[in-house]
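Heads up, the thing below is written out as structure tokens.
The values are calculated or read from the model by the stated rules, or taken from the named source; none is laboratory data. A quick note: this is a predicted structure, and the numbers were derived from the prediction, not measured. With ideal geometry, Cβ positions are generated from the backbone for all residues, glycine too; neighbour counts draw on all protein chains shown.
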Amino acid sequence: MGRLLTTTQVPPREQFDFWHEVVCQRFVPLDTRRQESGPFLGRLEATAMSGLVVTDIVADPQQVVRSRQSIASSDPELLMVCLHLDGEGAVEQDERLARLSPGDLVLFDSTRPYRLLFDSRFRQLVFHFPRQRLLPRLADPCAVTAVRVDGRGGVGRLAADFLRSLGEQAGALDARSAPAIFEQVMGLLSLAFGAPLAPEEEPASPAHLARLKRIQAYIEEHLSEPELSPADLAAAHHVSVRYLHRLFELAGCSVGDWLRERRLVRCAESLADPRQRGRGVSEVAFAWGFNDASHFSRAFKQRFGVSPREYRERALLSVR
């Protein structure tokens, strides 16, 4: 059997602080919050098996926050999958919010901030394991966090039923069977969370347009960085490169086209600025992220119809 920890072991005035220490030790550094004071019921029983930890949790209302400050370089990089069994709850991560009812599954990643919200007493089975054991099996890992999977039908039902049974039997299983069971869990989770998701099937939704605007604003702030790439942009916004390209389809161009266009426009503005007439053409190009003067000149002429030098001369003549 796993080790049982409960707040009934300590005086009522110490119960919530005790609970905070327990969840930080059993999972990752977190901030736990509650609206009420006084006694707090929290019960946790964890069983480890071949890299997979199964935790049965029953607790009073609370909010759990994994902030950027609590994510340290030495933290274990974990994925956590919750099977929600009782009460109502929600998981928020990567600008998505999944509202949970009994039977639902949800996944979140310890390497990025998240919030867990519980307005009433709840029960969950939480399965956590090294993130690299599942990520390679997922078609789009960044798009599945904080996405509710209905455990009452289809593949979600298969995964939920297996996880529920595993939670009930975890303490009684033979250690020799643990690796095979772990593989079964990873296979079911990859099916449950690996299918194409509604957010990508509806790319023109307000949420996607808002994310596109944020990424475009980020590009504006980092135009001077020559190494800026689609992979960098995707990582900075916790999305996949494939999803990033789908977002830019909304703007009618590729990520590279948008980045080049914004750099060329900024270069043209600098060349036309009388206050910057002392800067060389190459200096202006390099300042806005180009790293090849010849390539810049060709791209500029294709965009504006004249060379950078001619563009500057005409612009400065017009302000005399």
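Values as computed for the structure displayed
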| read-out | value |
| --- | --- |
| Qualifying residues in region 89-123 (those that are of a type outside the set (A, V, I, L, M) and in contact with a Phe, Trp or Tyr (Cβ under 9 Å, 6 or more places away or on another chain)) - the one farthest from P29 (Cα to Cα) | G89 |
| Single residue of region 23-68 satisfying the filter (of a type in the set (G, A, S) and within 22 Å of E92 (Cα to Cα)) that is nearest to the chain's Cα centre (by Cα) | S67 |
| Residue count, region 287-310 (criterion: surrounded by fewer than 17 Cβ atoms within 10 Å (Cβ to Cβ) and within 18 Å of L228 (Cα to Cα)) | 5 |
| Breaking point among (1) crowded, with 18+ Cβ neighbours inside 10 Å; (2) more than 30 Å from Q184 (Cα to Cα), for D56 | (2) |
| All positions within region 234-278 that are β-branched (V, I, T) and under 17 Å from the mean Cα position of the chain (by Cα) | V239, V241 |
| Lone unmet requirement of (1) more than 22 Å from D86 (Cβ to Cβ); (2) at pLDDT 85 or above; (3) part of a helix (DSSP H, G or I); (4) within 18 Å of the chain's Cα centre (by Cα) for P199 | (2) |
| Residue match in region 311-320 (condition: on the phi < 0 side of the Ramachandran plot, loosely packed, with under 13 Cβ neighbours inside 10 Å and modelled with pLDDT of 90 or more) | no |
| Every pair of residues 6+ apart whose Cβ atoms lie under 8 Å, when the first sits in region 194-218 and is over 11 Å from Y243 (Cβ atoms) while the second is surrounded by 11 or more Cβ atoms within 10 Å (Cβ to Cβ) and at pLDDT below 50 | S205/P199; A207/P199 |
| Unique residue being assigned to a strand (DSSP E or B) and either surrounded by fewer than 13 Cβ atoms within 10 Å (Cβ to Cβ) or without any contact (Cβ under 8 Å) to a residue 40 or more places away in the chain (or both) when the list is R43, R68, R13 | R43 |
| Failed criterion for Q184 (all others in (1) surrounded by 18 or more Cβ atoms within 10 Å (Cβ to Cβ); (2) at pLDDT 90 or above hold) | (1) |
| Per-region count, region 137-185, residues charged (D, E, K, R) and closer than 21 Å to S110 by Cβ | 3 |
| Unmet requirement for P29, which otherwise passes all of (1) farther than 21 Å from T111 by Cβ; (2) surrounded by fewer than 17 Cβ atoms within 10 Å (Cβ to Cβ) | (1) |
| Residue count for region 156-191, restricted to those that are within 23 Å of the chain's Cα centre (by Cα) and β-branched (V, I, T) | 1 |
